[in-house]
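**Student:** To start, I am sharing the structure in question, which I have written as structure tokens.
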Amino acid sequence: MIRRVVVAVVALLCAMPAVAAPRVLLFHRATGFVHDSIPTAVAALDRLARERGLEPVASDDPAVFDKPIDYAAIVLVSTTTDPKRAESEWFIGPRRDALQRYVEGGGGVVAIHAAADSHYNWPWYAKMIGGRFAQHPPGVPEAEVTRAAQRHPAIDTLPDRFRIPDEWYGFRDLSTDLDSLLTFDPQSIGASDVNPKPLAWAHRVGQGRVFYTGLGHRKENWADPRLLAHVGGALDWATGRGRAPAMVVIDEASTRVREAPPHGAIGTGTAWRITDRVPGRTMEFRRRTLDKGAAIGPHRIDHDEVYQVVTGEGDVTSDGVTRRVAAGTTVYLYSGALVGITQRGAKPLALVVAYPLARPVR
């Protein structure tokens, strides 16, 4: 009897249709300048998609947008059009409506390099990408690239700074809602401008996720682990697979140390360095007790800070202005101020301190 049940269950499982992998469209039509890196990029993106359990579908036929768009994400691989020839554009008529519905309804787009050099007769397209190609200096010099401070799957594994050769786009009509992910230093390629230039970003368009990177001009770069990690993380994010790290639960008792307060070591106290061992954190959270007569000495802060008084009382000073604070008081202090806090009264002063970090801790 048991044997018959096992056989029946196995037969049922074998008869069940396999769950189809989410499909990703690798679209690579180019009717303007045709990059010789496109075949290499498509092959690399095919591997990145398969590694993530996705089914890549490569095409340069715009008729794919005549059907319902049922892809987990669309990757636009240097999909140029000719700005002088309106007939070079393929998002026309119902295809425009289909793409806009797809993106604003929650679809994902990963736009690579010259995808910004496209569809000059469709304003919504530039809004979706986040900007338009304007110009680039000659050649493919090596530039210094800087990653942003925040967490994002497209940059989480990249170094804070790195150098890479590529073609360095300038942009116009940049949207105001972009989350900057990478910038490059124009002086590192011989330009006189001292301001960092946008290179990669992400933003929401309606309910959709749109990522753009200016990297990817050189076919050699598609073997570079940094570009592959960058674009692979973007694919995770665009398909909704990029998840936040797991929570960290901290036993505060294990963080407790007796030490002099920072910034002057005035008196003694107890510190709970609560978030010190949290990987990938973007903020610090501390608890500190100042013994009688102790103080966190005056120091210039380069970020906003919050002091929340738990017990006792003290004097907080910010740029020469002093206020008495007690239990139940929260003080918000602004970046650039010279701040400090001193214990007053008979009881120790216990407070919680929180502030953001300039960049995530690795």
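The values are calculated or read from the model by the stated rules, or taken from the named source; none is laboratory data. Everything quoted here is computed from the prediction, not taken from an experiment. Using ideal geometry, Cβ is built from the backbone for each residue, glycine included, and neighbour counts are taken over all protein chains shown.
**Student:** Starting from the range 272-292, keep only residues that are over 22 Å from Asp315 (Cβ atoms), then list their pairs with residues that are assigned to a strand (DSSP E or B) and of a type in the set (Phe, Trp, Tyr) whose Cβ atoms are within a distance under 9 Å, requiring at least 6 positions of separation or different chains.
**Tutor:** Hits for this filter: Ile274/Phe285; Thr275/Phe285; Val278/Phe285; Met283/Tyr355; Glu284/Tyr355; Phe285/Tyr355.
**Student:** Hey, another quick one. I'm trying to understand the selection: among the residues of the range 279-310, which are outside any strand (DSSP E or B), of a type in the set (D, E, K, R) and under 23 Å from the mean Cα position of the chain (by Cα)?
**Tutor:** If the condition is that a residue be outside any strand (DSSP E or B), of a type in the set (D, E, K, R) and under 23 Å from the mean Cα position of the chain (by Cα), then Arg281, Asp302, Asp304 are the ones that fit.
**Student:** Of all the residues that make up the range 158-179, how many are among the polar types (S, T, N, Q) and crowded, with 19+ Cβ neighbours inside 10 Å?
**Tutor:** If we filter the range 158-179 for residues that are among the polar types (S, T, N, Q), which is where we start, we get 175-176.
Next, only the ones that are crowded, with 19+ Cβ neighbours inside 10 Å stay: none.
So the count comes out to 0.
**Student:** Can you say whether Ile155 is surrounded by 19 or more Cβ atoms within 10 Å (Cβ to Cβ), touching a helix residue (DSSP H, G or I) at 6+ places or on another chain (Cβ under 6 Å), assigned by TED's automatic domain parsing to the domain that holds Ala72 and among the aliphatic types (A, V, I, L, M), as far as the supplied structure shows?
**Tutor:** no
**Student:** Would you check if Pro159 is within 15 Å of the chain's Cα centre (by Cα) and either charged (D, E, K, R) or modelled with pLDDT under 95 (or both)?
**Tutor:** It is true that Pro159 is within 15 Å of the chain's Cα centre (by Cα) and either charged (D, E, K, R) or modelled with pLDDT under 95 (or both).
**Student:** On to the next question. Mind listing just one residue for me: the one in the range 180-197 that is within 24 Å of Leu228 (Cβ to Cβ) and touching a helix residue (DSSP H, G or I) at 6+ places or on another chain (Cβ under 9 Å) and, of those, surrounded by the fewest Cβ atoms within 10 Å (Cβ to Cβ)?
**Tutor:** Restricting to residues being within 24 Å of Leu228 (Cβ to Cβ) and touching a helix residue (DSSP H, G or I) at 6+ places or on another chain (Cβ under 9 Å), the top hit is Pro196.
**Student:** Filter the range 167-205 down to residues that are under 21 Å from the mean Cα position of the chain (by Cα) and among the polar types (S, T, N, Q), then give me how many there are.
**Tutor:** Residues flagged as under 21 Å from the mean Cα position of the chain (by Cα) and among the polar types (S, T, N, Q) within the range 167-205 amount to 5.
Residues checked against (1) acidic (Asp, Glu); (2) touching a residue at least 60 places away in the same chain (Cβ under 8 Å); (3) out of contact with any strand residue (DSSP E or B) (no Cβ under 6 Å at 6 or more places or on another chain):
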| site | (1), (2), (3) |
| --- | --- |
| Val140 | no, yes, no |
| Tyr169 | no, no, no |
| Ala191 | no, no, yes |
| Gly216 | no, yes, no |
| Val231 | no, yes, yes |
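**Student:** Now, a different point. Please state which one of Arg172, Arg209, Arg204, Arg226 is touching a Leu at 6+ places or on another chain (Cβ under 7 Å) and either within 22 Å of Ala358 (Cβ to Cβ) or among the charged types (D, E, K, R) (or both).
**Tutor:** Selected residue: Arg226, the only one of Arg172, Arg209, Arg204, Arg226 that is touching a Leu at 6+ places or on another chain (Cβ under 7 Å) and either within 22 Å of Ala358 (Cβ to Cβ) or among the charged types (D, E, K, R) (or both).
**Student:** For residues that are assigned to a helix (DSSP H, G or I) and touching a residue at least 12 places away in the same chain (Cβ under 8 Å), scanning just the range 119-138, find the one that is surrounded by the fewest Cβ atoms within 10 Å (Cβ to Cβ).
**Tutor:** Trp124
**Student:** Tell me the residue from Arg288, Arg243 that is among the basic types (Lys, Arg) and either modelled with pLDDT under 95 or more than 16 Å from Val353 (Cβ to Cβ) (or both), please. Step through it out loud before you land on a result.
**Tutor:** Values: Arg288 fails: either modelled with pLDDT under 95 or more than 16 Å from Val353 (Cβ to Cβ) (or both).
Of the residues listed, the single one that is among the basic types (Lys, Arg) and either modelled with pLDDT under 95 or more than 16 Å from Val353 (Cβ to Cβ) (or both) is Arg243.
**Student:** Could you tell me which numbered condition Asp276 fails, if it satisfies all but one of (1) in a strand (DSSP E or B); (2) among the acidic types (Asp, Glu); (3) under 35 Å from the mean Cα position of the chain (by Cα)?
**Tutor:** (1)
**Student:** Let me ask something else about it. In this structure, does Arg23 turn out to be charged (D, E, K, R) and either at pLDDT below 85 or not assigned by TED's automatic domain parsing to the domain that holds Ala58 (or both)?
**Tutor:** The answer is no for Arg23.
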